[in-house]
1. Taking segment 14-31 only, how many residues are hydroxyl-bearing (Ser, Thr, Tyr) and in a strand (DSSP E or B)?
2. For segment 1-23, which residues satisfy the criterion of being modelled with pLDDT of 95 or more, open to solvent by 80 Å² or more (accessible area, probe 1.4 Å) and out of contact with any Ser or Thr (no Cβ under 7 Å at 6 or more places or on another chain)?
3. Kindly provide the set of residues from segment 24-54 that are more than 17 Å from residue 14 (Cα to Cα) and either touching a Ser or Thr at 6+ places or on another chain (Cβ under 6 Å) or open to solvent by less than 100 Å² (accessible area, probe 1.4 Å) (or both), ordered by number.
4. Residue check: is residue 40 among the hydroxyl-bearing types (Ser, Thr, Tyr), under 26 Å from residue 126 (Cα atoms) and in contact with a Leu (Cβ under 9 Å, 6 or more places away or on another chain)?
5. How about segment 32-48: which of its residues are assigned to a loop (DSSP other than H, G, I, E, B) and closer than 20 Å to residue 76 by Cα?
6. Of the residues 65, 98, 136, which single one is open to solvent by 50 Å² or more (accessible area, probe 1.4 Å), modelled with pLDDT of 95 or more and over 25 Å from residue 16 (Cα atoms)?
7. Against the condition hydroxyl-bearing (Ser, Thr, Tyr), over 16 Å from the mean Cα position of the chain (by Cα) and at pLDDT below 95, how does residue 76 come out, does it pass?
8. Could you tell me how many of the residues in segment 74-102 are in contact (Cβ under 8 Å) with a residue 24 or more places away in the chain and assigned to a strand (DSSP E or B)?
Amino acid sequence: MVQGKLEVLLISAKGLENTDFLCNMDPYVILTCRTQEKKSSIASGKGAEPEWNETFVFTVSGSVSELNMKIMDSDSGTSDDLVGEATIPLEPLFEEGSLPATSYNVVKNDEFCGEIRVSLTFTPEERYDRGLPEESFGGWKQSSFE
(Lines give C-alpha, C1' and ligand atoms only; values in the text may rest on other atoms or scores of the structure.)
Protein backbone atom coordinates (compact mmCIF):
# COMPACT_ATOMS: atom_id res chain seq x y z
CA MET A 1 0.00 0.00 0.00
CA VAL A 2 1.44 3.34 -1.06
CA GLN A 3 0.94 6.61 0.72
CA GLY A 4 2.42 9.98 -0.11
CA LYS A 5 2.51 12.83 -2.58
CA LEU A 6 2.50 12.45 -6.38
CA GLU A 7 3.90 15.47 -8.22
CA VAL A 8 3.20 15.69 -11.95
CA LEU A 9 5.03 18.18 -14.17
CA LEU A 10 2.95 18.53 -17.34
CA ILE A 11 5.48 19.72 -19.90
CA SER A 12 4.09 19.56 -23.44
CA ALA A 13 2.49 17.50 -26.18
CA LYS A 14 3.32 17.02 -29.84
CA GLY A 15 1.87 15.45 -32.94
CA LEU A 16 -1.69 15.90 -31.73
CA GLU A 17 -4.52 15.73 -34.21
CA ASN A 18 -5.99 19.20 -34.63
CA THR A 19 -9.74 18.94 -33.96
CA ASP A 20 -10.46 22.50 -35.16
CA PHE A 21 -10.78 22.79 -38.93
CA LEU A 22 -10.43 26.53 -39.45
CA CYS A 23 -7.89 27.47 -36.75
CA ASN A 24 -5.47 26.02 -34.25
CA MET A 25 -7.08 24.14 -31.38
CA ASP A 26 -6.86 25.30 -27.75
CA PRO A 27 -5.75 22.19 -25.84
CA TYR A 28 -5.87 21.56 -22.10
CA VAL A 29 -5.38 18.44 -20.00
CA ILE A 30 -7.56 16.82 -17.34
CA LEU A 31 -5.36 14.75 -15.00
CA THR A 32 -7.08 12.09 -12.90
CA CYS A 33 -5.59 10.01 -10.11
CA ARG A 34 -8.35 7.80 -8.68
CA THR A 35 -11.00 10.30 -7.52
CA GLN A 36 -8.82 13.43 -7.66
CA GLU A 37 -9.07 15.53 -10.79
CA LYS A 38 -6.96 18.53 -11.84
CA LYS A 39 -7.19 20.67 -14.96
CA SER A 40 -4.36 22.47 -16.74
CA SER A 41 -4.60 25.91 -18.22
CA ILE A 42 -5.75 26.23 -21.82
CA ALA A 43 -2.89 26.56 -24.31
CA SER A 44 -4.80 29.05 -26.47
CA GLY A 45 -4.06 28.76 -30.17
CA LYS A 46 -1.13 26.37 -29.61
CA GLY A 47 -2.63 23.69 -31.85
CA ALA A 48 -0.91 20.30 -32.13
CA GLU A 49 2.28 21.32 -30.24
CA PRO A 50 1.13 22.84 -26.91
CA GLU A 51 3.39 23.62 -23.94
CA TRP A 52 2.17 23.97 -20.37
CA ASN A 53 5.06 23.54 -17.89
CA GLU A 54 2.58 23.25 -15.00
CA THR A 55 2.91 21.22 -11.80
CA PHE A 56 0.06 19.32 -10.15
CA VAL A 57 0.12 17.55 -6.78
CA PHE A 58 -2.03 14.57 -5.84
CA THR A 59 -2.34 12.89 -2.44
CA VAL A 60 -1.86 9.17 -2.98
CA SER A 61 -2.97 6.41 -0.62
CA GLY A 62 -4.10 2.85 -1.06
CA SER A 63 -3.74 0.86 -4.23
CA VAL A 64 -3.54 3.56 -6.90
CA SER A 65 -1.94 2.11 -10.02
CA GLU A 66 -2.17 4.72 -12.78
CA LEU A 67 -2.49 8.35 -13.73
CA ASN A 68 -4.96 9.16 -16.51
CA MET A 69 -4.68 12.20 -18.74
CA LYS A 70 -7.33 13.42 -21.18
CA ILE A 71 -6.30 16.02 -23.70
CA MET A 72 -9.24 18.21 -24.62
CA ASP A 73 -9.77 21.03 -27.11
CA SER A 74 -11.53 24.01 -25.58
CA ASP A 75 -14.31 25.23 -27.86
CA SER A 76 -16.38 28.29 -27.06
CA GLY A 77 -20.04 27.87 -27.82
CA THR A 78 -19.88 24.09 -28.25
CA SER A 79 -18.79 21.24 -26.02
CA ASP A 80 -15.06 20.59 -25.78
CA ASP A 81 -13.62 17.88 -28.04
CA LEU A 82 -11.60 14.89 -26.85
CA VAL A 83 -8.21 14.96 -28.58
CA GLY A 84 -6.87 11.78 -26.96
CA GLU A 85 -5.94 10.03 -23.73
CA ALA A 86 -2.80 8.70 -22.07
CA THR A 87 -2.51 6.31 -19.14
CA ILE A 88 0.69 6.22 -17.12
CA PRO A 89 1.40 3.20 -14.89
CA LEU A 90 2.64 4.39 -11.49
CA GLU A 91 4.34 1.20 -10.23
CA PRO A 92 7.77 2.10 -11.73
CA LEU A 93 7.48 5.54 -10.11
CA PHE A 94 6.77 4.07 -6.66
CA GLU A 95 9.88 1.89 -7.00
CA GLU A 96 12.21 4.63 -8.31
CA GLY A 97 10.84 7.71 -6.51
CA SER A 98 11.01 9.87 -9.64
CA LEU A 99 10.84 9.48 -13.40
CA PRO A 100 12.52 12.05 -15.69
CA ALA A 101 10.63 13.80 -18.46
CA THR A 102 9.18 11.02 -20.61
CA SER A 103 6.88 10.98 -23.62
CA TYR A 104 3.77 8.80 -23.41
CA ASN A 105 1.52 7.79 -26.29
CA VAL A 106 -1.76 9.62 -26.68
CA VAL A 107 -4.51 7.35 -27.99
CA LYS A 108 -8.03 7.92 -29.30
CA ASN A 109 -10.27 5.04 -30.39
CA ASP A 110 -7.29 2.66 -30.01
CA GLU A 111 -5.23 4.70 -32.50
CA PHE A 112 -2.02 6.62 -31.82
CA CYS A 113 -2.63 10.37 -32.11
CA GLY A 114 0.40 12.07 -30.57
CA GLU A 115 2.58 12.21 -27.47
CA ILE A 116 2.38 13.93 -24.11
CA ARG A 117 5.52 14.69 -22.10
CA VAL A 118 5.48 14.58 -18.29
CA SER A 119 7.89 14.21 -15.39
CA LEU A 120 6.80 12.41 -12.19
CA THR A 121 7.97 12.50 -8.58
CA PHE A 122 6.65 10.46 -5.65
CA THR A 123 7.39 11.43 -2.06
CA PRO A 124 6.38 8.72 0.43
CA GLU A 125 4.64 9.89 3.59
CA GLU A 126 6.80 9.53 6.69
CA ARG A 127 5.33 7.24 9.30
CA TYR A 128 6.18 8.26 12.82
CA ASP A 129 6.38 5.36 15.24
CA ARG A 130 8.13 6.44 18.41
CA GLY A 131 7.86 3.05 20.06
CA LEU A 132 6.05 4.46 23.08
CA PRO A 133 3.37 2.45 24.87
CA GLU A 134 -0.13 3.63 24.20
CA GLU A 135 -1.46 5.82 26.96
CA SER A 136 -4.93 5.50 28.28
CA PHE A 137 -6.60 8.50 29.79
CA GLY A 138 -9.20 7.88 32.47
CA GLY A 139 -12.81 8.64 31.75
CA TRP A 140 -15.27 10.24 34.13
CA LYS A 141 -15.57 7.05 36.21
CA GLN A 142 -11.85 7.13 37.00
CA SER A 143 -11.78 10.78 37.98
CA SER A 144 -10.79 11.64 41.56
CA PHE A 145 -13.11 14.63 41.54
CA GLU A 146 -16.23 14.11 43.62
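The values are calculated or read from the model by the stated rules, or taken from the named source; none is laboratory data. Remember, predicted model here, so these are calculated numbers, not experimental data. Virtual Cβ from ideal backbone geometry, glycine too; neighbours counted across all protein chains shown. What goes into the accessible areas is simple: the full protein's heavy atoms, side chains included, and nothing from ligands, DNA or RNA. Shrake-Rupley method; radii C 1.70, N 1.55, O 1.52, S 1.80 Å.
1. 1
2. 14
3. 31, 32, 33, 36, 38, listed by residue number.
4. So residue 40 fails the test.
5. Of everything in segment 32-48, those that are assigned to a loop (DSSP other than H, G, I, E, B) and closer than 20 Å to residue 76 by Cα turn out to be 40, 41, 42, 43, 44, 45, 46, 47, 48.
6. Checking each option against the conditions leaves just 98.
7. Here the answer is yes, as residue 76 does meet what is asked.
8. 9
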